[in-house]
1. Among 52-59, 102-109, 24-31, what's the highest-first ranking by average C-beta atoms within 10 angstrom per residue?
2. Send over a whole-number figure in Å² for the accessible area per residue of the chain, probe 1.4 Å.
3. Say each of LEU126 and HIS109 gets a label point 7 Å from the Cα, pointing the same way as Cα to Cβ; how far apart are those two points in nm?
4. Tell me what the chain gives for mean residue ellipticity at 222 nm when only DSSP H runs of n ≥ 4 count, each as -39,500 (n - 2.57), the sum divided by the residue total, rounded to 500 deg cm²/dmol.
5. May I ask for the net charge around MET56, where only other residues with Cβ less than 12 Å from the Cβ of MET56 are counted and Lys, Arg are +1 while Asp, Glu are -1?
6. Would you work out the charge dipole size for the range 31-166 about its Cα centre, treating the Cβ of every Lys and Arg as +1 and the Cβ of every Asp and Glu as -1, and quote it to the nearest 20 debye?
7. Could you go through the range 9-17 in sequence order and give the Karplus-derived ³J(HN,Hα) for each residue, using 6.51 cos²θ - 1.76 cosθ + 1.60 with θ = phi - 60°, rounded to whole Hz, and x for Gly and Pro?
8. Using DSSP to call loops (not H, G, I, E or B), can you name the GluC sites (Glu not before Pro) in the range 109-146 whose Cβ has at most 16 other Cβ atoms within 10 angstrom?
Amino acid sequence: MTIDKNHVVALHYTLNALEDNGEKTFIEKTDLENPFTFLYGVGMMLPKFEEEIQGMAAGEKKSFTITPEEGYGAKVDNATTQLPVEMFAQSGMPPVGAMLPLQDPEGNHLNAVVLEVTPEAVIVDLNHPMAGKTLHFDIEVAATRPATEEELSHGHAHGVDGHEEH
């Protein structure tokens, strides 16, 4: 069975950033017991990522690169904001480098990275953490299957076998 729209895909990957000098900088990888599992063809993944894996079958391997333009866009230099320290009265002040889940006035979710903490404000970078990066994936498809009706109605995969609780 090959990967197609409305299939659950489980795969193993290693993700590196490709630097300008051609060197790779490790970002993350899956472990063998827990493949990355998602619902294919419903907008959960980068379109270029889905394009690269379409038609693959379990056991197949592939390496590919996604440019910033095909991925998370260019890094915007002045995409920072200051959050008032009062926002952190209950949770405590976040450390520099922490990722904060935020929501904009339109209800869109985004992650901001803490750049600096001052007595008056927490300064965060609103760029996606992968903005401006050329991403290199080494993948191996572990499994693919048609999604269940429940998975399609929920808009996400329920594990490799379709029975994972959430």
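The values are calculated or read from the model by the stated rules, or taken from the named source; none is laboratory data. Note that the coordinates shown come from a computational prediction; the quantities given were computed from them, not determined experimentally. Heads up, the Cβs are rebuilt from the backbone with ideal geometry, glycines too, and the neighbour counts pull from every protein chain shown. In case anyone asks, the SASA skips ligands and DNA or RNA and just uses the protein heavy atoms, side chains included. Shrake-Rupley method; radii C 1.70, N 1.55, O 1.52, S 1.80 Å.
1. 52-59, 24-31, 102-109
2. 60 Å²
3. 1.9 nm
4. Theoretical 222 nm ellipticity from helices: -2000 deg cm²/dmol.
5. On the way: positive: LYS61, LYS62; negative: ASP4, GLU50, GLU51, GLU52, GLU60, GLU140.
Local charge sum for MET56: -4.
6. I would put it at about 340 debye.
7. Result, rounded to whole Hz: 10, 10, 8, 9, 8, 10, 10, 10, 8.
8. GLU120
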